[in-house]
Structures are given as structure tokens and as C-alpha cells.
């Protein structure tokens, strides 16, 4: 739940937030104040790093930034100007906050907490002080000045509360006082957990949402007595309230996702049609398939992708929680087809049931095809799902299903969604005469997901067309191949929009070149060079969090290239995979699909199926 935070942009122009209340102050002066304020803000960040993290080397940057800020302020206020009295007052407030913050563990009542939050933001109040002092108009109002200081007080408390939720992990590890850490620790008295578990419990126990609600309450107070709602300050409060509300929505969604997943694990299927694998002698393979079967008996609960897509993000559906495994199940069963063929296992009964399941997930609209989340009406059918399902139908000898259920979606994709370079957009929506729903889907594609083309998706779809009817779609395939070739990176990879790591996209694109028998010597040479130069010392490929799947897809690339010189690389890669099988027979879940920022999908079941296929090929 904690992404990398950036400082709000308004720190670069903090005095401008209040300029609307003091319009008679010269704009140039406000600009100088803004520069001085931002320099001092950066100095404070350095001071915090020195105090909190013992980063003493920052002292020189701190002094330089302070000096630059003071010089700019001195260009506005002479040595004996009343401003400097307020400056000293705010400086003392900040020093008091630093001292008092250390005592919060012993006395964290609301009065002390709020006082620290207010005084830590003391230099922000100088923006209000400065403009009030410089305002020489007849309408100058001490009442307005005090209202703004009160508003700033409430804003500062709200900001600190929000920070305590979003900085939970950092403050927990750094042993800094944090209201969220304090309140959760009181609930968990006598129990100790690592930081990752604590971060989850922050939301599960309701502490995170409670503090976010408090933050919103203080923001409501911050704008309560502001008459002018056209100022930047008022807008900043409204925008920040929206940010916190969205974050709260995400955290509520996170809890709902966890609860839904827990319920899914309680389910079981009525009929066991899984194929018989008990005669397999090799323990690694047998235990791996056994792991997959355990999830199959729970109706593939672990495989399913559960996401929260709420109203605050403009989704309008019967539920905010959405569950899907259409794409995942097709990928899994593609692996199972290959695994059972290699092991000479009869899996027809199992696969027939899976085909029926996939057919039941089809969109019943004017386009057809399949959506990643069928229950989210804002998500259109896409060519990645379509291409993968076509491949599954072909691999199981069910090409008639493509004729019956896929041709219209194929037609729309290749007639309406191909660009001049041969790339095919990801989403299957007509170019003309869109329904109201399709217009909304198109808006979501442009504003949330991106329309594409996405190189790995184009390659997957073109590969399906090549398998299905290479002559009929020859021109589309040829143009797609040219598009893909032009998008290969200098290091030999293809970068994926929808998948983690470099090796999935590289495999999918390389597979297309190999299948169409395109003269792609240069393409293959670059991929070969990549495989030879990028293997890690332990035999894996990729980076932390992606080792298993990257290694799998690297092996698939080696299978395509089929150069004897890289057999030792493949053997090292397989040994890495074998060494990382877990006691229950499966492999870990790694980040695989990236539908939304900071909400990756991974599955132990799917990873295990991929690994088994890699080990057998």
C-alpha cells in the first residue's frame, strides 16, 4: 500500500496559495517569497534527514540552502523589519516541535499531537505572515489573518495524519513517532510482527482508515471559515481532501480484496475432472502438478485475480470487487496442454471442461470476444485475451469455436484498430457509431489504461492469427511483424506494457518471428546476445521479484533459438528453477501482470505451471 511518495508541488510556490487573500501584494514579491520558501523547505528536508537518519553529511547543503533563502528574504525586508520578529517566532515553534515530537511516545494525546503537527509546519505559516505584513491596503484584516492561521493549523494536522498512514513502514523501521504505529501497537499489545505484516494489519485492523477519516475531518475544518473559494489555498484543501478520499477508497478496497480472497479459498468444486498424473516417477514434476491440482479443487482460488475498482475512480458497476481468471486460466491451460502432451497424459476430459468454462466467460454484446474483467462494463474486450483464447482453442483442436465466436472481434480489431506502422491497438472497439457504453470504454482506455498498441499484445494476437489462418491475415501479420521488429530495444529485449520484466515480451515477440519464418536474423542475434550476457551467477535471469518467471521465459527463448552453444545456459537456468521449488511442490508467486500502478498480479499456480513446462522442454 505504500508507493514512493513525492513532495507536493505546492511547496514550490507556497506563498502563492494565499496571494488571493492579499491581492494588493506585488506579484514579483510573491515570486521571490516563493523561491525563498522553497529553498528553506529543502533546508528543512536536509535537517530532518540529519536528525532522523543521522545523515550528517547533509549539513553543508542545509547551511547553503538556508543562506540562499535568507538572502532572498533580506531583499524584501530590511534588518529591523517587523517580519524578522515573526521569523524568530516561527523558528522557535519549529525547534519546539522537534523537541516535543520525541516525547509523543509518552504523551500522545490529541492536544500534544496537534501542537507538534502545527509547529512542524511553522515555516509554512511565514507565507501568511509575509503577505499580511506586506498588505498595505485599507481592507487589511487581522480577522482574515487569524482565520488563515486557523485554517493552516487544521491543514497541518490533516497532513500529518495522512503522512502517518502513508509513512507507516518508514517510521516503523526508523522508530519515529507515528500515530498509526502507536495506535496499531496498542491493539497488538504483546504480539510482534515484521514490518510487512504490520503494514497489512494497519488496514485489516481498521487503524489506517480511522486515521484517514480524521485527516479528512481536519481538512473540512480547514475550509470551514474560508469565504473565498476561488483561491489556490481553498483549491489545495479540496484537492488534498480528494487525494485522501481516494487513498481511503483504495485501502477499503484492499481490505475487501483480502476478505474476498479468504472466502474464495473456502470453495471447492463438485466434480474432480483433473487428469491422472500419479504414475509420474519424477518427484519434481509430480509434486508440481499436485500443487496445481490443490488449487484446481478450490476452483482455482489462488489463480484468480481480485481487484477493487470503485466509484471514486468513476467505475459504475453493481459491485466494487471484481474477480476474474479468464486470461489466467487460458495461460494455465496452455501450459497444461504442453505438459500433458510431453508426459503423454490424457487430459481431454479436463480440457473440455475448461473450454466450456472459457466459452461461458465470453462477452454477449455486438463485438463478442473476452474482457479481462467481465463484470467491469468500462473494460472492453481486448486482443490479448482474444489471441490467447484462440491459441487455446487451436491447441485443443477446437478451431470451429474461433469461427463461431471470434471472427467479429477479429474483424473489428484489424479493420478499425491498426495504425500506420502495423501496430494493433489493445482494445476492441469500433472506430465509428460507438454506443454510449463503448464511448465510456474508449474514454477509460485513453485516460486509465492506454490504448496501445502494446508490442507484446500485438505479437500475441498476430501469433494467434498466424496459427489460425496465415493466408487470410497475411498482410496484417506481415505489418505486425515489421512493427514489432522496429520496437526491439538495443539490448535485444521488447518492453512490455502489461507484464513485469523484459523476458515475457521478448519471448512472445521472438515466438512470432519464429512461427512466420520471417528473416529475422538480426532480431535473433540480439536476443541470443541478451541471453548470453544477462544470466545471473545463480543461473537465473531478471531481477529480484522476477527471477522465476524471467528464467522461465528465457528458457522458452532458448528453445526457439536452439543454438547448441547456449545449452549450458539452459541447464544452469533449469538448475536454478529446480533449486527454488518449495516444500509444497509449487513455486512462489511473482509479479506478472500489471493492470494498475502498485497493484500487481501474481499467482503461485500459474508460476508453477510455467516452471513445469520450462523444465520439460
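The values are calculated or read from the model by the stated rules, or taken from the named source; none is laboratory data. This is a predicted model, so every value here is computed, not measured. Ideal geometry is used to build each Cβ from the backbone, glycine not excepted, and the neighbour counts take in all protein chains shown.
Quick notes on this structure:
- Only listed residue being under 24 Å from the mean Cα position of the chain (by Cα) and at pLDDT 95 or above, chosen from 505, 501: 505
- Selection from segment 603-617 of residues that are within 23 Å of the chain's Cα centre (by Cα) and not in a loop (DSSP other than H, G, I, E, B): 604, 605, 606, 607
- Taken as a whole, the condition of being touching a helix residue (DSSP H, G or I) at 6+ places or on another chain (Cβ under 7 Å), more than 13 Å from residue 134 (Cβ to Cβ), part of a helix (DSSP H, G or I) and at pLDDT 90 or above applies to residue 10.
- Look at segment 268-283: where a residue is at negative phi and free of Cβ contacts under 8 Å to residues at least 12 places away in the same chain, no partner that is surrounded by 13 or more Cβ atoms within 10 Å (Cβ to Cβ) and in a loop (DSSP other than H, G, I, E, B) sits 6+ places away or on another chain with Cβ atoms under 8 Å.
- A single entry from 48, 61 fulfils the requirement of being assigned to a helix (DSSP H, G or I), surrounded by 14 or more Cβ atoms within 10 Å (Cβ to Cβ) and modelled with pLDDT under 90: 48.
- Residue list for segment 552-602, filter: touching a residue at least 60 places away in the same chain (Cβ under 8 Å) and in a helix (DSSP H, G or I): 552, 555, 556, 578
- Looking only at segment 180-205, and only at residues there that are closer than 27 Å to residue 158 by Cβ and more than 26 Å from the chain's Cα centre (by Cα), the one that is surrounded by the fewest Cβ atoms within 10 Å (Cβ to Cβ): 186
- Where residue 283 falls short, out of the listed (1) under 23 Å from the mean Cα position of the chain (by Cα); (2) more than 28 Å from residue 168 (Cβ to Cβ); (3) modelled with pLDDT of 90 or more: (1)
- Long-range neighbours under 9 Å by Cβ, at least six apart or interchain, first residue touching a residue at least 12 places away in the same chain (Cβ under 8 Å) and on the phi < 0 side of the Ramachandran plot within segment 201-228, second surrounded by fewer than 16 Cβ atoms within 10 Å (Cβ to Cβ) and assigned to a loop (DSSP other than H, G, I, E, B): 201/188; 201/193; 205/188; 223/229
- The test for being touching a strand residue (DSSP E or B) at 6+ places or on another chain (Cβ under 7 Å) and either modelled with pLDDT of 95 or more or crowded, with 21+ Cβ neighbours inside 10 Å (or both) does not hold for residue 379.
- In summary, residue 600 fulfils each of the numbered conditions (1) farther than 22 Å from residue 289 by Cα; (2) surrounded by 18 or more Cβ atoms within 10 Å (Cβ to Cβ) with the single exception of condition (2).
- Condition broken by residue 238, with the remaining ones in (1) closer than 23 Å to residue 9 by Cα; (2) surrounded by 17 or more Cβ atoms within 10 Å (Cβ to Cβ); (3) touching a helix residue (DSSP H, G or I) at 6+ places or on another chain (Cβ under 8 Å) satisfied: (2)
- Filter result for residue 487 (touching a strand residue (DSSP E or B) at 6+ places or on another chain (Cβ under 7 Å) and over 16 Å from residue 514 (Cβ atoms)): no
- Breaking point among (1) over 27 Å from the mean Cα position of the chain (by Cα); (2) farther than 22 Å from residue 425 by Cβ, for residue 365: (2)
- Restricting attention to segment 53-75, the residues being in contact (Cβ under 8 Å) with a residue 12 or more places away in the chain and touching a helix residue (DSSP H, G or I) at 6+ places or on another chain (Cβ under 6 Å) number 9.
- Each residue in segment 386-407 was checked for being more than 13 Å from residue 463 (Cβ to Cβ) and surrounded by 14 or more Cβ atoms within 10 Å (Cβ to Cβ), and 8 of them qualify.
- Residue check for residue 333: in a helix (DSSP H, G or I) and under 27 Å from the mean Cα position of the chain (by Cα): yes
- Screening the candidates 161, 212, 219, 173 for the property of being within 21 Å of residue 6 (Cβ to Cβ) and surrounded by fewer than 15 Cβ atoms within 10 Å (Cβ to Cβ) yields one hit, 173.
- Criterion (on the phi > 0 side of the Ramachandran plot and in contact with a helix residue (DSSP H, G or I) (Cβ under 8 Å, 6 or more places away or on another chain)) met by exactly one of 372, 300, 357, 350: 300
- Set side by side, the residues 486, 474 differ, and just one is surrounded by fewer than 18 Cβ atoms within 10 Å (Cβ to Cβ) and at pLDDT 95 or above, which is 474.
- Looking across segment 542-575, the residues that are farther than 17 Å from residue 613 by Cα and within 32 Å of the chain's Cα centre (by Cα) come down to 542, 543, 544, 545, 546.
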